[in-house]
Amino acid sequence: MSAAHSTPNTKAVIIVTAADLAPQAVELLQDYELVYAGKTPQVPDLIALARRHDPVAYIVRYSSITAELMDASPSLKVISKHGSGTDTIDKPAAAARGIEVTAAVGANAAAVAEQALALLLACAKAVVQLNARMHAGHWDKATHKSLELGGRTVGLIGLGAIGQRFSKMCDAIGMRVIGFDPFAKNLPSYIQSVDLATLWRESDAISLHCPLTADNRQMLNAATLAQCKQGVMVVNTARGGLIDEPALLAAVQSGQVSMAGLDSFAVEPMAAPHIFHHQPGFILSPHIGGVTSDAYVNMGVTSARNTLAVLQKTRSAVPA
């Protein structure tokens, strides 16, 4: 594709850090040239594209957005996350350069909340293990007992759009819902706000729904897991960095954690081999909680609109 500055009439470039974008989002961005970085772009790939195209925006699905990449993009005005988590974007570097960072908050809330519920149910009902046993010709009715979630306590860390949607589902199946989120306001009556010490102590299941920050990295670790009930279940559809992975493995192996249902990992794509591979007590999915047909469109359209809002604002701010 031609460079953004090759002729006076060339459209400004938006780089999408993926191989595709929802058609509805592409239509919204028709006044710009979209350059796709491929399925698994790395920062050096993006720097090469930036030097060739001098983008005004990034729509971020995969890869990190670093200060070096920003410096390779002198016309950059906005970094728009195709999703809600912005931990892969160097936000202080963006702020120092006057580049806005936006997120498609809530666009995938339903999808991720449903994935969290699926993982919770799979942990409680041994869905994966029983399926494997059945396919191997076994009939475990006389020996298997599942866990009933009704009447038990689920503790949520993070009560934003996803956490509140998941809370509603848990309340609907008769669970007591407690949650920790110092920023949440006007919570529905079925969520009891508690401090972290109470959440560790009282939860039968813990589900993570918060962004990853410097302050909460590896918040689920040997010390906090030791404060939990024996046999607690852990679900993570947020960010893998929230969990100390070797500590979680040890807790599952000891029985302190009965089951862990994980959709995100400290390093993604997950390295192979990984300490969780072939370990009983782990149900794993490849960070696809927000990847549904509906969420793909919602996130694409929201990230496109966020991009356009910043570009239109910066354009109108330039003197004629």
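General remarks:
- A search for C-beta distances below 8 Å between a residue of the range 189-208 that is closer than 15 Å to ASP171 by Cβ and any residue that is modelled with pLDDT under 95, counting only pairs 6+ apart in sequence or on different chains, returns SER193/ALA184.
- 2 or more residues modelled with pLDDT under 95, loosely packed, with under 13 Cβ neighbours inside 10 Å and not small (Gly, Ala, Ser): qualifying helices (runs of 4 or more DSSP H) within the range 205-320: 293-317
- Residue match in the range 44-60 (condition: in contact (Cβ under 8 Å) with a residue 40 or more places away in the chain and among the aromatic types (Phe, Trp, Tyr)): yes
- Selection status of PHE166, in the same structural domain as GLN129 (by TED's automatic domain parsing), surrounded by 15 or more Cβ atoms within 10 Å (Cβ to Cβ), out of contact with any Cys (no Cβ under 6 Å at 6 or more places or on another chain) and without any contact (Cβ under 8 Å) to a residue 60 or more places away in the chain: yes
- Breaking point among (1) of a type in the set (Val, Ile, Thr); (2) in contact with a Pro (Cβ under 9 Å, 6 or more places away or on another chain); (3) modelled with pLDDT of 95 or more, for THR66: (2)
- One residue alone among ALA96, ALA113, ALA124 is at pLDDT 95 or above and buried (at least 21 other Cβ atoms within 10 Å of the Cβ), and that residue is ALA113.
The values are calculated or read from the model by the stated rules, or taken from the named source; none is laboratory data. Because the structure is a prediction, the values reported are computed rather than measured. With ideal geometry, Cβ positions are generated from the backbone for all residues, glycine too; neighbour counts draw on all protein chains shown.
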